[in-house]
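> After the structure tokens below, expect a handful of questions from me.
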Amino acid sequence: EHFHGYVIERRIGRGAAGDVYLARHSMLDTLYAIKVLTASETVMDGEMARRFVREAKIAARIQHPNLVRVHDAGYDESKNVYYLVMDYMSGGTLRDRIAFGGAISAFEAVDIVRSVASALSAGAEMGLVHRDLKPENVLMRADNRAVLTDFGISGDQNKRMTERNIFGKPTQIFG
């Protein structure tokens, strides 16, 4: 299936608010991850859409080697979804790495913690606190370097945010 100049290859992740797909840019023949948020009526008027847009804006503002780069974002009326095009990390999530690769060495653990801490520090310099730090939000590059994602539910250090899960199970957008 084609989507904004990309060919959707397969779903590679599922979250509370939507799905992540592996996509190949039609012209450049490069891989990207496309995160989509199903835009139900609840989402359109709700906090989830604002957080998704916020994630796109934050990711575009913070340039750091340990943060996933966002290349494009928008709303697709024909599919009724918000979308975010970002780097594809072929190493999967830290959760996958531990589940399928077994225990990691102390050296690897220190390297991962340093990478994540560096990314968190970059966010903190902009006044942001990542509020959903978990192994699923730490992605692994092909060279086993850790990269942080999902600053979407981050909050300003001076504001207090509460989370609400307004979703049951997300619907697959691309089949």
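The values are calculated or read from the model by the stated rules, or taken from the named source; none is laboratory data. This one's a predicted model, so the numbers in the text were calculated from it and none came from an experiment. We place every Cβ from the backbone using ideal geometry, glycine too, and count neighbours over all the protein chains shown. With ligands, DNA and RNA removed, areas are computed over all heavy atoms of the protein, side chains included. Shrake-Rupley method; radii C 1.70, N 1.55, O 1.52, S 1.80 Å.
> So, counting K/R as plus one and D/E as minus one, what does the shell of residues with Cβ under 12 Å around N144 add up to?
That sum, taken over residues with Cβ under 12 Å, equals 0.
> Further question: Please compute the length gained on full extension between A142 and M27, using 0.36 nm multiplied by the number of residues separating them and subtracting their Cα-Cα distance.
Separation in residues times 0.36 nm, less the Cα-Cα distance, equals 39.1 nm.
> Ordering M86, M27, M48, M126 from largest to smallest accessible area (1.4 angstrom probe), what's the sequence?
Order by accessible area, largest first: M27, M126, M48, M86.
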